[in-house]
């Protein structure tokens, strides 16, 4: 069961979400306009509604879609509030679209949500036209298919990650330890049909990015 949350970040193409089996759609504020462009009818709309066209919001409200309004002065972003709603509804797989953009503060905050909810057992991803961001932890084998002009990077979020092996990559690794803040794992390339990331200990973000 997968919940798609659409935010007001960078513009995204419908192709970003076409291969996702979506069971529930939440639009966070201006994300509603993206959903309208995609022809998606959300199950829930929420936010302080400072970034959505009032006419668009009124049209969707007329469809009796569940709508939750928050004050602009609040302790959480619209995106995190949307994640909280998805989690409370029992969704363990959550995809964030429109979660990145020119506001780096919001982008970083949304990426950090992956770590926060990963600890709670929630599998969450951030996607946009150029990036797919996920998180891995502990004894993990992650396989990634090769795509032309895409690069794979990793960023440890624990103090170290250990037992890291990369197979099928231009720059392979064999059972190494990498400290948080290292740039060793930036901009690798898959050279076979798929690459394998094998991790023994620690937590890291995984970026699959188009140049």
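The values are calculated or read from the model by the stated rules, or taken from the named source; none is laboratory data. Because the structure is a prediction, the values reported are computed rather than measured. Ideal geometry is used to build each Cβ from the backbone, glycine not excepted, and the neighbour counts take in all protein chains shown.
If a residue must be touching a helix residue (DSSP H, G or I) at 6+ places or on another chain (Cβ under 9 Å) and either assigned to a helix (DSSP H, G or I) or within 13 Å of residue 6 (Cα to Cα) (or both), how many such residues does segment 52-76 contain? Can you show your working first?
Filtering segment 52-76 down to residues touching a helix residue (DSSP H, G or I) at 6+ places or on another chain (Cβ under 9 Å) leaves 52-53, 56-57, 59-60, 67-68, 70, 74, 76.
Adding the requirement that they be either assigned to a helix (DSSP H, G or I) or within 13 Å of residue 6 (Cα to Cα) (or both) leaves 52, 56-57, 59-60.
Residues that pass the stated criteria total 5.
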For segment 42-62, does any single residue satisfy the condition of being in contact (Cβ under 8 Å) with a residue 60 or more places away in the chain, crowded, with 21+ Cβ neighbours inside 10 Å and in the same structural domain as residue 117 (by TED's automatic domain parsing)?
no
Across segment 91-121, the tally of residues that are more than 12 Å from the chain's Cα centre (by Cα) and either surrounded by fewer than 21 Cβ atoms within 10 Å (Cβ to Cβ) or at positive phi (or both) stands at 11
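Test residue 65 against the stated conditions and say whether it is closer than 21 Å to residue 128 by Cα and either touching a strand residue (DSSP E or B) at 6+ places or on another chain (Cβ under 8 Å) or touching a residue at least 24 places away in the same chain (Cβ under 8 Å) (or both). Steps first, answer last, please.
Details: closer than 21 Å to residue 128 by Cα: no; either touching a strand residue (DSSP E or B) at 6+ places or on another chain (Cβ under 8 Å) or touching a residue at least 24 places away in the same chain (Cβ under 8 Å) (or both): yes.
So residue 65 fails the test.
Could you tell me which of the residues 155, 97, 86 is closer than 26 Å to residue 17 by Cβ, in contact with a helix residue (DSSP H, G or I) (Cβ under 8 Å, 6 or more places away or on another chain) and modelled with pLDDT of 95 or more? Spell out the reasoning first.
Values: 155 fails: in contact with a helix residue (DSSP H, G or I) (Cβ under 8 Å, 6 or more places away or on another chain); 86 fails: in contact with a helix residue (DSSP H, G or I) (Cβ under 8 Å, 6 or more places away or on another chain).
Sole residue among the options that is closer than 26 Å to residue 17 by Cβ, in contact with a helix residue (DSSP H, G or I) (Cβ under 8 Å, 6 or more places away or on another chain) and modelled with pLDDT of 95 or more: 97.
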Could you please tell me which pairs satisfy a Cβ distance under 6 Å, a separation of 6+ or placement on different chains, a first residue in segment 72-85 that is farther than 10 Å from residue 113 by Cβ, and a second residue that is at pLDDT 95 or above and surrounded by fewer than 20 Cβ atoms within 10 Å (Cβ to Cβ)?
none
Hey, can you tell me all the residues within segment 86-109 that are part of a helix (DSSP H, G or I) and either touching a strand residue (DSSP E or B) at 6+ places or on another chain (Cβ under 6 Å) or in the same structural domain as residue 205 (by TED's automatic domain parsing) (or both)?
86
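Listed residues 124, 154; which is under 19 Å from the mean Cα position of the chain (by Cα) and assigned by TED's automatic domain parsing to the domain that holds residue 93? First the steps, then the outcome.
Details: 154 fails: assigned by TED's automatic domain parsing to the domain that holds residue 93.
Going through 124, 154 in turn, just one is under 19 Å from the mean Cα position of the chain (by Cα) and assigned by TED's automatic domain parsing to the domain that holds residue 93: 124.
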